[in-house]
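Beneath this line is the structure, given in structure tokens, with notes to follow.
The values are calculated or read from the model by the stated rules, or taken from the named source; none is laboratory data. Values in this document were obtained by computation on a predicted structure and should not be read as measured data. We place every Cβ from the backbone using ideal geometry, glycine too, and count neighbours over all the protein chains shown. Surface accessibility is based on the protein's heavy atoms, side chains included, excluding ligands, DNA and RNA. Shrake-Rupley method; radii C 1.70, N 1.55, O 1.52, S 1.80 Å.
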Amino acid sequence: MASFTILLLSLLTITTHATTTTTSLYLSPKTLFPNYNNMLNSFKIFIYAPPPSTTPTPTLFTTPQQSHFYTSLLHSPFLTQDPNHAHLFFLPFPSSTSTRSLARHIRNIRINFPFWNRTLGADHFYLSAAGVDSSSDRNVVELKKNSVQISCFPTSSGLFIPHKDITLPPMHSFQLITPSVNDVNGANFTYLGYMKLTAGQTPSNLIEEISDHPEFIVEYEPVSKKENKKEKFKNSRFCLFVYGSDMTWMVEAMASGCVPVVITERPIQDLPLMDVVDWSEMAVFVGVNGGVKGLKRVLDGIEKSRYERLVESGVAATQHLVWNAEPQAHDAFHMVVYQLWLRRHTVRYARWVEQ
């Protein structure tokens with residue numbers, strides 16, 4: 001409860017600050033919370049039965065955030081047993097479902113229910129950790145093109161459609177470390193940047209440059225002492241991530257007051273909660289071409305006022321990116337549902353024309 005209170009106070013600080021400046025943690029600070037309350041009062045979702053399985057106890061979802069979202073949804077007030085009252089329709093199917101079986105399942109939905117054909121699936125959504133691949137089958141094409149895909153961040157290249165699809169924040173248990181005033185002001189920093197890699201990960205040229213630079217520290221999991229890793233968070237201005245690698249601890253870094261730096265070769269369009277928060281207000285994005293000198297130039301060029309804002313926004317945003325055992329107001333579960341709520345007004349696409 002204390003951690004939640006700290007985060008809420010940080011959230012209020014950022015929101016109040018936004019009323020006097022042009023910056024805000026949120027993309028739509030004036031409409032977010034009124035719309036959120038409307039969602040709580042009126043949003044309804046109908047869940048279809050999963051497709052038949054040949055195994056006695058099929059595993060629907062393979063990642064913890066998928067399973068947690070599904071379980072939370074089943075026990076939420078958003079469900080309706082009357083599909084005529086639903087704003088959106090959820091299609092649960094196991095991650096192991098083949099393209100052929102998926103096509104058959106969608107075809108059965110089309111035949112047995114009247115809702116798919118109204119929008120060709122645009123008011124439907126589904127969970128797929130890696131994303132649904134392309135297919136020539138009409139049913140899978142409509143699912144991929146029209147329905148909202150909820151996958152895990154980061155997504156596989158080419159299997160995510162920006163502005164339509166959604167990603168789930170990573171699930172990672174941690175204990176909140178509230179940054180002190182001295183930490184934010186930089187009085188106690190030992191390192192400019194901290195990077196944690198998984199054991200066996202092949203380092204790139206950039207990672208090798210970072211490892212050799214005295215202002216950065218690179219460690220490989222498992223870290224021998226958990227307290228040691230937390231201490232490195234507190235002693236580093238920035239926490240470094242290579243987009244596409246293990247980013248499950250990014251929320252932990254933000255909550256600790258360590259500003260995420262995402263190293264990427266291209267613009268990132270699948271960040272969690274991209275309809276809700278402005279990631280440029282809590283993270284730094286840099287390319288790979290400049291090497292460690294270019295990375296250091298970018299980080300050294302961040303002014304103190306902006307750095308403090310990045311830390312404050314990151315801590316405040318944590319409550320929206322954390323999965324709670326029992327869903328809490330404004331947490332990851334509710335923010336994912338809120339993004340679905342924003343997509344409830346669907347476009348009626350032209351009907352499929354057989355080639």
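Looking across segment 80-115, the residues that are under 21 Å from residue 137 (Cβ atoms), β-branched (Val, Ile, Thr) and either surrounded by 12 or more Cβ atoms within 10 Å (Cβ to Cβ) or touching a residue at least 60 places away in the same chain (Cβ under 8 Å) (or both) come down to 97, 99, 106, 109. Of all the criteria given as (1) modelled with pLDDT under 95; (2) surrounded by 14 or more Cβ atoms within 10 Å (Cβ to Cβ), the one not satisfied by residue 124 is (1). As a summary of the residue check, residue 275 satisfies the conditions (1) without any contact (Cβ under 8 Å) to a residue 40 or more places away in the chain; (2) surrounded by fewer than 19 Cβ atoms within 10 Å (Cβ to Cβ); (3) within 16 Å of the chain's Cα centre (by Cα) except for the one numbered (1). Determine whether residue 344 is of a type in the set (D, E, K, R) and part of a loop (DSSP other than H, G, I, E, B). Considered against the rule, which asks whether it is of a type in the set (D, E, K, R) and part of a loop (DSSP other than H, G, I, E, B), residue 344 comes out as yes. Within segment 296-348, the residues that satisfy the criterion of being open to solvent by 10 Å² or more (accessible area, probe 1.4 Å) and farther than 25 Å from residue 35 by Cβ are 296, 297, 298, 300, 301, 302, 303, 304, 305, 306, 308, 325.
Going by the structure shown, is residue 257 at pLDDT 85 or above, open to solvent by 40 Å² or more (accessible area, probe 1.4 Å) and touching a Ser or Thr at 6+ places or on another chain (Cβ under 9 Å)?
Values: at pLDDT 85 or above: yes; open to solvent by 40 Å² or more (accessible area, probe 1.4 Å): no; touching a Ser or Thr at 6+ places or on another chain (Cβ under 9 Å): yes.
It is false that residue 257 is at pLDDT 85 or above, open to solvent by 40 Å² or more (accessible area, probe 1.4 Å) and touching a Ser or Thr at 6+ places or on another chain (Cβ under 9 Å).
Residues of segment 212-242 that are at pLDDT 90 or above and crowded, with 16+ Cβ neighbours inside 10 Å: 213, 215, 216, 217, 218, 236, 237, 238, 239, 240, 241, 242.
Taking the condition assigned to a loop (DSSP other than H, G, I, E, B) and either modelled with pLDDT of 95 or more or not small (Gly, Ala, Ser) (or both), does residue 160 pass? Lay out the reasoning, then the answer.
Numbers: assigned to a loop (DSSP other than H, G, I, E, B): yes; either modelled with pLDDT of 95 or more or not small (Gly, Ala, Ser) (or both): yes.
Yes, satisfied.
Examine segment 302-314 for a residue that is assigned to a helix (DSSP H, G or I), over 30 Å from residue 74 (Cβ atoms) and among the aliphatic types (A, V, I, L, M), and state whether such a residue exists. Checking segment 302-314: at least one residue is assigned to a helix (DSSP H, G or I), over 30 Å from residue 74 (Cβ atoms) and among the aliphatic types (A, V, I, L, M).
Screening residue 48 against (1) open to solvent by less than 70 Å² (accessible area, probe 1.4 Å); (2) touching a strand residue (DSSP E or B) at 6+ places or on another chain (Cβ under 9 Å); (3) closer than 21 Å to residue 169 by Cα leaves a single unmet condition, (3).
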